[in-house]
Every structure is written in structure tokens, then in C-alpha cells.
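Student: Okay, handing you the structure first.
The values are calculated or read from the model by the stated rules, or taken from the named source; none is laboratory data. These numbers were taken from a predicted model, which means no experiment stands behind them. Glycine gets a Cβ as well: all are built from the backbone with ideal geometry, and neighbour counts include every protein chain shown. Please note that ligands, DNA and RNA were not included when accessible areas were found on the heavy atoms of the full protein model with its side chains. Shrake-Rupley method; radii C 1.70, N 1.55, O 1.52, S 1.80 Å.
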Amino acid sequence: AIFPNVNLETKLGKNNGGIKLRFPGVIAGLGSTNVAKQNWEGLAIGAALIGIPLTIGENVCGMDVKSTIEKGEVIDSPELAWRVNTYREWQPDGYGAIVVQANVEDSRLGVLEYAIEKLGVDAVELKWGQGAKDIGGEVKVRDLNKAQLLKKRGYIVLPDPLDPAVVQEFKNGVFTEFERHSRVGMVTEEGFIETIRRLRNAGARSISLKTGAYRPADLARAIKFSSIAGVDYLTVDAAGGGTGMSPWRMMNEWGVPGIELWSMVYKYCNFLRNNGEYVPDIVLAGGYVLEDQIFKGFALGSPYVKAIGMARAPLAAAMVGKTIGETISNGKLPVYLHRFGNTREAIFVTAEGLKRKYGKDYDRIPTAAIGVYTYYERLAQGLRQLMAGNRKFALECITRDDIAALTPEAARVSGIPLVSDIDAEESEKILGQTRVA
């Protein structure tokens, strides 16, 4: 009964054995933004080494200037293929998965069908809106030709790059970048179920849905539709969100806050289960960074939560790892790092273990990936300690009894008892027991 023995493995989905995870985490959709592309190698290799799913976010094919699109459908995208293959090369033993996500624009282009049929992807994700946001995604475009291409592909581009007056203003330096927006998606029960059926027939082994902090009725629709269609897992992402154009007020202020939203997830899943209906596995997302938050997410949504989704935190780990690697190469390590040494083995606590495991391939692992791997190893160690402290040695043993509310308002919203009321009945029984001398 020691904390290193805590088992953090889990799986997502009930179809075809589900997706196996070594750590109960998913790196949520990182799509067509520059920050995602520039750090993809670290994220992909790091996630594969850990054994967790990584989701390729929306608009990658549509934003790829080298994509081949015929009759309105993508038939080749070097960018998407590169992202898929970067993860797969380092996925050694069947843990984790590369997941391709589609929003309304991707659905129009047939991105998921292309990913399944041409790239051999078997895990896909549908996305309502923009995850934690209520409209489509947005990125900045600083190249006129690319802005014009995206406009011709059907994206909303502001200002209009095909307007001669706007073109002249751009060339004169009046402004330096365009905004590319996606359309707003609309969902019907029949259309959603038909989409799931079509993707299953195309060869998708695992299908998930990502929804955001919309109205409670929309959350109920997401859970109910996923139940009817047999979706493998549902990610519920609380506001705010976005690696690209944050912080718009819409992204950070829209929708139902996290604790209220996740408490509704538990309530709605309970309703379905009590009626004998299928409940998809649940992934919670929305600002998770550290192991205590992960533990609370599992407890709040027990027994339905099977993993926690994160994007900004692992992205930050990749960026930090990448920066450290660059400072090592140019001999300009800052003092706070130089005190550990001047090699990545001295600075990253997990590097020696990776070196022993991967041998000659170790030198191909970028420091960005080591940063991501080290971050998740730190989360794993901390989560094991919290679980062992609660005498819970497997994730499925975590229950709502493992957390307490600190305010009456938190107790009312979540249904979790106040800390002063926890164990009240059991404590009275212990105190009231008579002892034989």
C-alpha cells in the first residue's frame, strides 16, 4: 500500500475494446493555429511516449495551402498527414491514439472520411461550435495569397481579401493581417445520428464528441444524442478556451462556468443511467493544470469521468522544453537552470530514463517532447500521492465521497457535502460505540 503502486491506466470507449491510456488524460484539439503547428512535434512525440490520445484540432486541412481539394472534398493534405505520422512513429505499444477532429468546415470538406480512408486514422471527433466557445474558430493570416485562397475555400475572411480596395490597402501597409473565421454549426438529432452511422461504416473504431459551455439544454442534447448514437466518449469543455485568438470576451465569459457545468454532467448522466440508457465515457476539460484538479474532476463526475482533457498546459510544457533545448544548444542557459547542469539529462528528471529505454533513438526525441513527458510524469506522481492518501489505488475507486465543498454555495451547486458535514453519521457511530475494558 504505497503510492507508486497506484494504477493510473484507464480506457475510453466501449467499442472494440476502447482506447487504452497509461495516464487518464487527453490532449484536446490543437488545430490550425500557428502555435499548435510550431509545437506539434513536441506535443505529438510527448503524448505518444506517455501513452495518451492527442487530438488534431479543426481546420488543419482547410488551412493547408498544399491541400488538394476536388469537387469540394479534400483528397490530400500534407499537413494533416505529417501530424498523424509524427504521433504514430512514436506510439510503440497500442496505448493512446491520434484523433482527428472536425468542425462544420471540416465536415463540408470530408476531412474525417479522408483521415479514415487515406491516412488509416480510426479515432475521430466531432465538434459542436468551437469547443468552449459559441462560434467558429479564428486565426490571423498575414499572407495575402493565403487569405484569398481561404476565402475561395468558403471561410469567412475579414476584411475581404478579394476586394481590390482592400488588397491595395494591405499592400500599402494600412493593415498587416486578415482574420479567418469559421461558420457556426447547427445540429439536429437525426443529422448527428446519421453522421455517426456514416463514420462507423467508413471504418471509425472510436468516435467522440466535443461540446462546450453552452446552455444546459444543449448539454442535455449532447449527452442524449451521444447516448442514442453510441458515441464512445464525450468531452465537455468549460469556458474559456482557445490557443489562437484568446482572450476575446466571448471566449472567456461565454456559457456555464466549470463547476456548474461539470455538476450538470453528473446529474444528466445519472438520469440516463437510472433509466437504463447507455452513458458514454466522459472527459472533462476547461482549465485543468495540476493533479489536485484532476483528482477533483474524477471525484466530481464519478463514475462517469474516465479522463481529463488539457491543451494549454501541455502546450506550455512543450514550449518551455523547446526553449530550454535552444538555450542548451547556444550555451545561454539562464542561471536558474544552469545550477542543475548544462545538458538535458541534467535538467530534465525523466531524460535518463528515456535514454535507457529508447537507446539510439533517444537523440531524435526533441526537448519539447521531453518537456511534455516530464510534465505528465510530474502529474502522475502527484495524482498517485493524492489517490494513495485517500486509499484509492485505481481510478475507478475514486468517488464523490473523496472531496468536500468548502462553501454552502459549492455544496448546493455540486451536491457534494460541506466539509463540516462529511462523515458526520459515521463519526457519531464511532463516538457512540461502547467498549469493553
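Student: Filtering region 84-108 down to residues that are part of a helix (DSSP H, G or I) and in contact with a helix residue (DSSP H, G or I) (Cβ under 6 Å, 6 or more places away or on another chain), which residue is surrounded by the fewest Cβ atoms within 10 Å (Cβ to Cβ)? Step through it out loud before you land on a result.
Tutor: Within region 84-108, the subset part of a helix (DSSP H, G or I) is 84-89, 104-108.
Filter again for in contact with a helix residue (DSSP H, G or I) (Cβ under 6 Å, 6 or more places away or on another chain), leaving 84, 86-87, 105.
Working: 84: 22, 86: 19, 87: 23, 105: 25.
Ranking the qualifying residues of region 84-108, first place goes to 86.
Student: Taking residue 277 as meeting all but one of (1) in a helix (DSSP H, G or I); (2) at pLDDT 95 or above; (3) closer than 26 Å to residue 191 by Cα; (4) not hydroxyl-bearing (Ser, Thr, Tyr), write down the number of the exception.
Tutor: Only one criterion is unmet by residue 277, namely (1).
Student: Mind listing whichever residues of region 283-304 are open to solvent by less than 20 Å² (accessible area, probe 1.4 Å) and touching a Gly at 6+ places or on another chain (Cβ under 6 Å)?
Tutor: Those that are open to solvent by less than 20 Å² (accessible area, probe 1.4 Å) and touching a Gly at 6+ places or on another chain (Cβ under 6 Å): 283, 284, 285.
Student: Have a look at 94, 110, 137, 62 and point out the one that is of a type outside the set (S, T, N, Q) and under 25 Å from residue 23 (Cβ atoms). Even if it seems obvious, please write down each step before you answer.
Tutor: On the way: 110 fails: under 25 Å from residue 23 (Cβ atoms); 137 fails: under 25 Å from residue 23 (Cβ atoms); 62 fails: under 25 Å from residue 23 (Cβ atoms).
The conditions single out 94.
Student: OK, next. Collect the residues in region 140-157 that are closer than 19 Å to residue 185 by Cα and either without any contact (Cβ under 8 Å) to a residue 40 or more places away in the chain or surrounded by 16 or more Cβ atoms within 10 Å (Cβ to Cβ) (or both), keeping them in residue-number order.
Tutor: Our first condition is that a residue be closer than 19 Å to residue 185 by Cα; within region 140-157, this holds for 150-151, 153-157.
Selection gives 150, 151, 153, 155, 156, 157.
Student: State yes or no: is residue 256 under 20 Å from residue 411 (Cβ atoms) and in a loop (DSSP other than H, G, I, E, B)?
Tutor: yes
Student: Return the total of residues in region 50-78 being free of Cβ contacts under 8 Å to residues at least 60 places away in the same chain and either among the aliphatic types (A, V, I, L, M) or more than 16 Å from residue 113 (Cα to Cα) (or both).
Tutor: Total satisfying the criteria: 8.
Student: With respect to residue 204, is the statement that it is within 19 Å of residue 115 (Cβ to Cβ) and assigned to a loop (DSSP other than H, G, I, E, B) true? Spell out how you get there, then give the answer.
Tutor: Details: within 19 Å of residue 115 (Cβ to Cβ): yes; assigned to a loop (DSSP other than H, G, I, E, B): yes.
Yes, satisfied.
Student: Looking at 336, 362, 373, can you tell me which residue is open to solvent by less than 20 Å² (accessible area, probe 1.4 Å), over 30 Å from residue 264 (Cα atoms) and aromatic (Phe, Trp, Tyr)? Show your work before the answer.
Tutor: On the way: 336 fails: open to solvent by less than 20 Å² (accessible area, probe 1.4 Å); 373 fails: open to solvent by less than 20 Å² (accessible area, probe 1.4 Å).
Just one listed residue meets the conditions, 362.
Student: So which of 81, 115 ends up being farther than 30 Å from residue 249 by Cα, free of Cβ contacts under 8 Å to residues at least 60 places away in the same chain and open to solvent by 10 Å² or more (accessible area, probe 1.4 Å)? Lay out the reasoning, then the answer.
Tutor: Working: 115 fails: open to solvent by 10 Å² or more (accessible area, probe 1.4 Å).
Going through 81, 115 in turn, just one is farther than 30 Å from residue 249 by Cα, free of Cβ contacts under 8 Å to residues at least 60 places away in the same chain and open to solvent by 10 Å² or more (accessible area, probe 1.4 Å): 81.
Student: Can you find, within region 305-333, the residue that is most open to solvent (accessible area, probe 1.4 Å) among those that are among the β-branched types (Val, Ile, Thr) and in contact (Cβ under 8 Å) with a residue 12 or more places away in the chain? I'd like the intermediate steps shown before the answer.
Tutor: Quick first cut of region 305-333, residues among the β-branched types (Val, Ile, Thr) only: 305, 308, 320, 323-324, 327-328.
Add one more test, that the residue is in contact (Cβ under 8 Å) with a residue 12 or more places away in the chain, and what stays is 305, 308, 320, 324, 328.
Numbers: 305: 9, 308: 2, 320: 85, 324: 19, 328: 45 Å².
It comes out as 320.
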